[in-house]
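Here's the structure, in structure tokens; my notes come after.
The values are calculated or read from the model by the stated rules, or taken from the named source; none is laboratory data. Only a predicted model underlies this, so the values are computations on that prediction, with no experimental measurement involved. No Cβ is skipped: glycine too gets one built from the backbone with ideal geometry, and neighbour counts run over all protein chains shown. Side chains included, ligands, DNA and RNA excluded: accessible areas come from the protein's heavy atoms. Shrake-Rupley method; radii C 1.70, N 1.55, O 1.52, S 1.80 Å.
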Amino acid sequence: MRTSFIILLSVVCALCFSCKVRTPKGIPSESKMENLLYDYHRAQSMADSKDSADYKLRLYTVLAKYDLSHDDFDSIMKWYSRHADKLYKVYEKVNQRLDNEAQVYGASPNLRASGKYTNVATTGDTANIWRSATEGLLIP
């Protein structure tokens, strides 16, 4: 009786401790991933106002800062994409940091209500994202 109890307890303990998600070697912690994605999105937004060559330069500068190759970054993002709960937590923090930084530079306090799709009209399964005049007059 006692040996079966010990075996049962061992199996239960093994099952409880084996369910934890282990981060493989080379995958940064959530705090490091937050910093990486924060810098990545800042570089991306700076390059959006310019050309694609500037974007590539800024991306490689960010990757060099964290001593990563483009393939390393891709594999890290694949791992975090498979663990969406962790990626969601990271992006919540990144979004908060970007919102705070934008407010420092004069953006409205509620950034999500002032984006480029705030006036989106939806009817049924269609969204009208046209931001210019909704009607025009064609004359010969």
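See the values below:
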| quantity | calculated |
| --- | --- |
| Options TYR40, TYR105, TYR55; residue that is at pLDDT below 85, out of contact with any Cys (no Cβ under 8 Å at 6 or more places or on another chain) and within 30 Å of THR23 (Cβ to Cβ) | TYR55 |
| Odd one out for ASP67 among (1) open to solvent by 70 Å² or more (accessible area, probe 1.4 Å); (2) assigned to a loop (DSSP other than H, G, I, E, B); (3) modelled with pLDDT under 90 | (3) |
